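Asker: Sharing a structure here in structure tokens format.
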Amino acid sequence: MYITTTIPYVNARPHLGHALEFVQGDVLARHYRGRGEPVRFQTGTDDNSLKNVLAAEAEGVPVRELVDRNAAAFEGLRESYDLSFDAFIRTSRHPGHRPGVERIWRAIDGDLYQRHYEGLYCVGCEQFYGEGPCPEHEAPLQHISERNWFFRLSRYQDALLDLIRGGRLRIEPAARRNEVLAFIEAGLADISVSRAADRAPGWGIPVPGDPSQVVYVWWDALANYVTALDGGDYDRWWVAEPRKIHLMGKGVIRFHAVYWPAMLLAAGLPLPAEIFVHDYLTAGGRKISKSAGTPADAEAIARAYGADAVRWWLLREVPRVGDADFTVERLVARADEDLANGVGNLVNRVVTMVHRFQDGAVPIVAVDGDAARGLVDACESAPGRVHEALEDFDFRRAAAAVWTIVEEANKYVERVQPWRQEPGDREASLATLVHACRALAGQLAPFLPTGAARVAAAVSGERLPRPEPLFPRLAG
RNA sequence: GGGGCGGUAGCUCAGCCGGUCAGAGCAUCGGACUCAUAAUCCGUGGGUCGUGGGUUCAAGUCCCACCCGCCCUACCA
């Protein structure tokens, strides 16, 4: 399974919205690895965007410097969010990227032609609009008149429709799929795939054979999914691998579900198999905007509340469809409720009882009496339910499935009340509970890598370590 | 302008092809328990399921119109 996130442009530091996509990809990667499936999880940065040039100018620093600094911040999320990506590609640094882009450009040569173009352009979006101001950046548009290279996107309309309708290219959620189909059915016009080089001196990838132009940044950035694969990796992950999954935000579906497949079709390359589109995060009811500063700095939030808490919020609280509003209050409430009072407290009470009644020795007898039915069922069915939910890219449902183990375990404790049981029965109850905690640790692993490891450590071995709080409360 | 998605208890939301679908969690209130991170467990609260029509024996659940929020897309006067 080849899982990719989009590669954000690096005109600013990463915000929580980026973290959402990375964490979703990470959960998928860890989940499938856990099932023994070969996985390549890849992310990176789009260094070649004109927006990076503008940001550098605004800040008065060299583009290289700004790009390197911000790209490092993105890569740093690996630590602060416990991400397990196998590759981090930077379009301006990866040796294979530029040659790869040039190769693809030449491969689609037959579908390229030059044309004079005039229109209103938003540098922020790197896109033309009918009139201003730009809806995304609320900035005035520039009148651009230049000669560009165009791609015969119009030729691929039917092929794209077949691809998506036939399910060879799966787009989730279905609403997004319909959106894409509607867009294509409305008719595809050829698109400009190059920009005048002098607008970004020295930045971007020159068009092969035409140094006056640089490759349109989207053409450049999309190629990363393929150019990041060096040597045998290309055959392994792009040719032989059936499950190639692109994760992205709703704002860039068109590029991934229309331009990118068409580009590959033209170049005669294999196509991606699945596209999952997430919606946006808002912060305190307001749009998170890089250009307006970083009101939701990803790293700062993780540092303040911990990767486990933030990951859990992103996975447990963000719906599959619809924007979600992030507030510190919600983060803290969810973490305390589920992690501290739920998982942490459960493990703590179980381990404490093992110490109090068994002197720390893990009982080996586990009897599945009727009282344990609900708990045993939860443990046994969790893997299947998690898998099913993740196949649907429904992270919230997957997290909820894991949660049922905690819920059932607590109910079980109340039902049997180990502290009142005869030693023999109690031993069986505690064995069942320790077993449940181990199952919980296993199921939690893709969601909370370090937290799950702490749970596992707390309930592993024949003699359990002294109990200590695994997930301290965040609120007072 | 075209297309799409939402509008369900105070809050966040589940409700697939119509008939125990009027629900869950949190919050509130009451109770239980003491193994545990002032935790946990049990019970409780009555919301015209955006508005108005329609189809049907039966509609949050289908159809039409409208209102509100949002998204994608396009701008012909």
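The values are calculated or read from the model by the stated rules, or taken from the named source; none is laboratory data. Everything quoted here is computed from the prediction, not taken from an experiment. Reconstructed Cβ throughout: ideal geometry from the backbone, glycine too, with neighbour counts over all protein chains shown.
Asker: What do you reckon, is residue A:406 more than 17 Å from residue A:316 (Cβ to Cβ) and among the β-branched types (Val, Ile, Thr)?
Answerer: Judged against the criteria, residue A:406 is not a match.
Asker: Are any of the residues in region A:347-357 more than 10 Å from RNA strand B (Cβ to nearest atom) and not in a loop (DSSP other than H, G, I, E, B)?
Answerer: The initial filter retains those residues of region A:347-357 that are more than 10 Å from RNA strand B (Cβ to nearest atom), namely none.
No: region A:347-357 contains no residue that is more than 10 Å from RNA strand B (Cβ to nearest atom) and not in a loop (DSSP other than H, G, I, E, B).
Asker: Looking at region A:278-320 only, could you name the residues that are surrounded by 17 or more Cβ atoms within 10 Å (Cβ to Cβ), hydrophobic (A, V, I, L, M, F, W, C) and at pLDDT below 90?
Answerer: A:281, A:283, A:288, A:296, A:318
Asker: Tell me which residues, restricted to region A:227-268, are among the charged types (D, E, K, R) and closer than 25 Å to residue A:151 by Cα.
Answerer: Just the residues of region A:227-268 that are among the charged types (D, E, K, R), to begin with: A:230, A:233, A:235-236, A:241, A:243-244, A:250, A:254.
A:244, A:250, A:254, listed by residue number.
Asker: Consider residue A:272 carefully, then state whether it is in a loop (DSSP other than H, G, I, E, B), more than 9 Å from RNA strand B (Cβ to nearest atom) and either touching a residue at least 24 places away in the same chain (Cβ under 8 Å) or over 22 Å from residue A:459 (Cβ atoms) (or both).
Answerer: When the stated conditions are applied, residue A:272 passes them.
Asker: Another question, then. Hey, can you tell me all the residues within region A:459-473 that are near RNA strand B (Cβ under 9 Å from one of its atoms) and either polar (S, T, N, Q) or surrounded by 14 or more Cβ atoms within 10 Å (Cβ to Cβ) (or both)?
Answerer: A:467, A:470, A:471, A:473
Asker: Could I ask something else about it? Return the residue satisfying two criteria in turn: it lies in region A:321-331 and is part of a helix (DSSP H, G or I) and surrounded by fewer than 20 Cβ atoms within 10 Å (Cβ to Cβ), and of such residues it is nearest to RNA strand B (Cβ to nearest atom). Walk me through how you get there before you give the answer.
Answerer: Restricting attention to region A:321-331, the residues satisfying the condition of being part of a helix (DSSP H, G or I) are A:328-331.
From what is left, the residues that are surrounded by fewer than 20 Cβ atoms within 10 Å (Cβ to Cβ) are A:328-330.
On the way: A:328: 14, A:329: 10, A:330: 8 Å.
Once the filter is applied, the top-ranked residue is A:330.
Asker: Can you name the residue in region A:332-346 that is surrounded by fewer than 22 Cβ atoms within 10 Å (Cβ to Cβ) and among the aliphatic types (A, V, I, L, M) and, of all such residues, is farthest from RNA strand B (Cβ to nearest atom)?
Answerer: Among residues in region A:332-346 that are surrounded by fewer than 22 Cβ atoms within 10 Å (Cβ to Cβ) and among the aliphatic types (A, V, I, L, M), the one farthest from RNA strand B (Cβ to nearest atom) is A:332.
Asker: Hey, another quick one. If you scan region A:305-319, which residues turn out to be closer than 25 Å to residue A:275 by Cβ, more than 7 Å from RNA strand B (Cβ to nearest atom) and part of a loop (DSSP other than H, G, I, E, B)?
Answerer: If the condition is that a residue be closer than 25 Å to residue A:275 by Cβ, more than 7 Å from RNA strand B (Cβ to nearest atom) and part of a loop (DSSP other than H, G, I, E, B), then A:318 is the only one that fits.
Asker: Kindly check whether there is at least one residue in region A:269-277 that is crowded, with 21+ Cβ neighbours inside 10 Å and either in contact with a Phe, Trp or Tyr (Cβ under 8 Å, 6 or more places away or on another chain) or at positive phi (or both).
Answerer: Yes, region A:269-277 contains a residue that is crowded, with 21+ Cβ neighbours inside 10 Å and either in contact with a Phe, Trp or Tyr (Cβ under 8 Å, 6 or more places away or on another chain) or at positive phi (or both).
Asker: Of (1) without any contact (Cβ under 8 Å) to a residue 60 or more places away in the chain; (2) within 18 Å of the chain's Cα centre (by Cα), residue A:278 satisfies all except one. Which?
Answerer: (1)
Asker: Name every residue in region A:50-79 that is closer than 12 Å to residue A:11 by Cβ, among the aliphatic types (A, V, I, L, M) and in contact with a helix residue (DSSP H, G or I) (Cβ under 7 Å, 6 or more places away or on another chain), in order of residue number.
Answerer: A:50, A:53, A:55, A:56, A:63, A:66, A:67, A:73
Asker: Report yes if some residue within region A:381-401 is on the phi > 0 side of the Ramachandran plot, free of Cβ contacts under 8 Å to residues at least 60 places away in the same chain and not in a helix (DSSP H, G or I); otherwise report no. Before you say what the answer is, go through the steps one by one.
Answerer: In the first step, residues of region A:381-401 are kept if they are on the phi > 0 side of the Ramachandran plot; the result is A:393.
Okay, now just the ones that are also free of Cβ contacts under 8 Å to residues at least 60 places away in the same chain, so none.
Taking every residue of region A:381-401 in turn, none turns out to be on the phi > 0 side of the Ramachandran plot, free of Cβ contacts under 8 Å to residues at least 60 places away in the same chain and not in a helix (DSSP H, G or I).
Asker: With respect to residue A:52, is the statement that it is part of a loop (DSSP other than H, G, I, E, B) and either surrounded by 21 or more Cβ atoms within 10 Å (Cβ to Cβ) or among the hydroxyl-bearing types (Ser, Thr, Tyr) (or both) true? Working first, answer last.
Answerer: Details: part of a loop (DSSP other than H, G, I, E, B): no; either surrounded by 21 or more Cβ atoms within 10 Å (Cβ to Cβ) or among the hydroxyl-bearing types (Ser, Thr, Tyr) (or both): yes.
Here the answer is no, as residue A:52 does not meet what is asked.
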